[in-house]
Amino acid sequence: MTLTSAQILDLAPDAASRKAGQDQAKPAKWSGTGRAGTMIWGEIKGSGASPYRTVADPAGPASKCTCPSRKFPCKHALGLMLVDAAATLAEATAPDWVEAWAKGRESRATAAETRAREPAKPVDERAQAKRRQAREEKVAAALDELDLWLRDLMRRGLAGARSEPYAFWDRMAGRLVDGQAPGLARRVRALPGLAAAAQPGALRPEAALGLGLGRLALLVRAARRLDLLDPEQAAGVRAALGSPVGAEEMAVRPDQSDDWAVLAHSVEEEDKLTARSVWLAGRTTGALAQVIDYGTAGAPPPPGPMPGQDFRGALAFLPGDPPLRAALREGRAETGSWDALPGGGTVAAARDGFAAVLARAPWAERWPVRLAGVRLGRLAGSVGAGGFGAGSFGVGDGTGCLALRADSHLPTLLAVSAGRPVDLFGLHDGHALVPLAVVAGGQLFAVPAHGPHAILRRVA
């Protein structure tokens, strides 16, 4: 597998590493470079007496460097892969230190396969039930406290709520984390942002705050009636509360095989975690999937298929209704073809799809949509229903239009589309669309998951 420069930079753990990696991507800085199969290596002068030895396998992707950096991959591994992406390194005999790294990887892979084949340890069902009971009691107490807090908030009115400092919301969120309901805590921490000044393409602050509180109240009501819901709906509510899905439960979930087109990556900061979403669409089934991996400072999420690639293999969808969250299973990433966006439809179909999602999960905050053959342009006049004024931009076709959320990438998106019909992928919250990728002229352009630059990257 060959990664493009953009795909390599997406592996960087942070913006500083991306810039530093680009600084190391100068062939003149490297010596003793070579390649054997997909494995590449080289030496580069650093601050120490001896040059750093760097080896990488972009197909993994995996890398190792003798530099003292705790970031992974380090700037030298990024730089070496960028050098190879620009001009393929010459085949050579791998030196001893490269062979040692390759053997270590092989040994670890063999050990992992051996562990996977070992029979599972017997489950202590009594202890498992005790832990589940304790968790349910904590969550029930958290729901009681949140319900009382919401009622008090509404008695005081939205104007009073908007004047509360961030600490007010954060205290409630902290108690929900203690109550093992991190999904509710994330929603509470987002409320002060909704109550802030309105942005073009967004609801008025009072309306946005009221909607956020209403979704929280609906979720609390649903969580109190889990026994009345079907299993998939109940699982969706538990997921919204933040309850994890156990490995045993995932092990029995069926595979869904397809050629999964990787549409985009998006990243959100959740407390001290980085949540990276990989958005995929099945080329045969048309199904949408969101694979979420987490990372921490200095330890990015594990490598995953990159935008523009196809993941040919199986996913397992987590329980929930409607299904969206999934986990990668067996498969391989290959170069994809992008004549059109898989599963793209009309604006009217996207609206209907979002309405169907709300009918099944009214606390849903947003949903991925795929549009085909749409044009981007300025909306005429003000559009009162969304609460945004003149000068806003939208995307539409013969069936209707959707407002685009004000975003720094919007000018580049308009430039790429150049007034032509394009296919667009983004996240819709019922009022505005946040674009994540566009297919124009047989090429896929994606919004970078990292970095402050207002650009789109041509990833395929």
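The values are calculated or read from the model by the stated rules, or taken from the named source; none is laboratory data. A quick note: this is a predicted structure, and the numbers were derived from the prediction, not measured. Cβ placement follows ideal geometry from the backbone for every residue including glycine, while neighbour counts extend to all protein chains displayed. The area values use the complete protein model at the heavy-atom level, side chains included, leaving out ligands, DNA and RNA. Shrake-Rupley method; radii C 1.70, N 1.55, O 1.52, S 1.80 Å.
Give the Rg/Rh ratio for the range 12-53, taking Rg as the radius of gyration of the Cα atoms and Rh as the Kirkwood radius, to two decimals.
1.01
What distance in nm separates the simple spin-label points at residue 217 and residue 164, each placed 7 Å from Cα in the Cβ direction?
If labels sit at residue 217 and residue 164, their model points lie 1.4 nm apart.
Quick one: Cα centre-to-centre distance for the range 352-378 and the range 85-134, in angstrom?
That distance is 39 Å.
Ignoring any ligand, DNA or RNA, what whole percent of the accessible area of the chain comes from carbon and sulfur when the probe is 1.4 angstrom?
Roughly 54 percent, rounded to a whole number.
Quick one: accessible area per residue over the chain, 1.4 Å probe, rounded to a whole number of Å²?
49
Past 19 Å, Cα to Cα: identify those pairs from 19/71; 64/272; 75/272; 71/272; 26/103; 138/272, in the order given.
The pairs that break the limit, which is 19 Å between Cα atoms, are 64/272; 75/272; 26/103; 138/272.
Residues in the range 228-257 near a label at residue 124, defined as backbone nitrogen under 20 Å from the 7 Å Cα→Cβ point?
Under 20 Å, as judged by backbone N against the label point of residue 124, lie 246-249 of the range 228-257.
Based on the Cβ-Cβ distance of residue 154 and residue 267, what FRET efficiency does E = 1/(1 + (r/R0)^6) give at R0 = 30 Å, to the nearest 0.05?
The computed FRET efficiency comes out at 0.35.
Working only with C-alpha atoms, what are the Rg and Dmax values of the chain, expressed in angstrom?
For the chain, the Cα-based Rg and Dmax read 24.2, 74 Å.
Determine, for each peptide in 94-107, 178-191, 405-418, the mean count of other beta carbons within 10 angstrom over its residues, then list the peptides with the highest first.
178-191, 405-418, 94-107
Once the dipole of the chain is set up with Lys and Arg at +1 and Asp and Glu at -1 on Cβ about the Cα centre, which of 401, 190, 337 lies farthest towards its positive end?
Checking the options against the dipole of the chain, the answer is 190.
Taking the Cβ-Cβ separation of residue 100 and residue 15 as r and a Förster radius of 25 Å, what is the calculated FRET efficiency to the nearest 0.05?
Efficiency for this residue pair is about 0.15.
Please report, in debye to the nearest 20, how large the charge dipole of the range 67-221 is about its Cα centre when each Lys and Arg carries +1 at its beta carbon and each Asp and Glu carries -1 there.
It works out to roughly 560 debye.
For residue 31 and residue 50, calculate 0.36 nm times their separation in residues minus their Cα-Cα distance, and state this gained length in nm to one decimal.
The span from residue 31 to residue 50 would gain 5.6 nm if fully extended.
Per residue of the range 43-55, in order, report the coupling 6.51 cos²θ - 1.76 cosθ + 1.60 (Karplus, θ = phi - 60°) as ³J(HN,Hα) in whole Hz, putting x for Gly and Pro.
Listing the rounded values in order: 10, 9, 6, x, 7, x, 6, 9, x, 6, 9, 10, 10 Hz.
Mind giving me the FRET efficiency for residue 171 and residue 349? R0 is 45 Å, r the Cβ-Cβ distance, nearest 0.05 is fine.
Result of the calculation: an efficiency of 0.60.
If you place +1 on the Cβ of every Lys and Arg and -1 on the Cβ of every Asp and Glu, how big does the dipole about the Cα centre of the chain come out, in debye to the nearest 20?
840
Taking a ≥ b ≥ c as the square roots of the eigenvalues of the Cα gyration tensor of the range 305-446, is the shape rounded (a/c under 1.5), prolate (a/b larger than b/c) or oblate?
Here the range 305-446 falls in the oblate category.
Compute the helix-to-body angle for 125-156: its Cα long axis versus the longest principal axis of the chain, expressed 0 to 90° and rounded to tens.
Relative to the chain, helix 125-156 is tipped by roughly 50 degrees.
Report the label-to-label distance for residue 88 and residue 23 in nanometres (one decimal), using points 7 Å from each Cα along the Cα→Cβ vector.
3.2
With each label point set 7 Å from Cα along the Cα-Cβ vector, what nm distance links residue 375 and residue 230?
A separation of 4.2 nm, rounded to one decimal place.
Tell me the Kirkwood radius of the range 192-309: reciprocal of the mean inverse pair distance over distinct alpha-carbon atoms, in Å.
Evaluated on the range 192-309, it is 17.5 Å.
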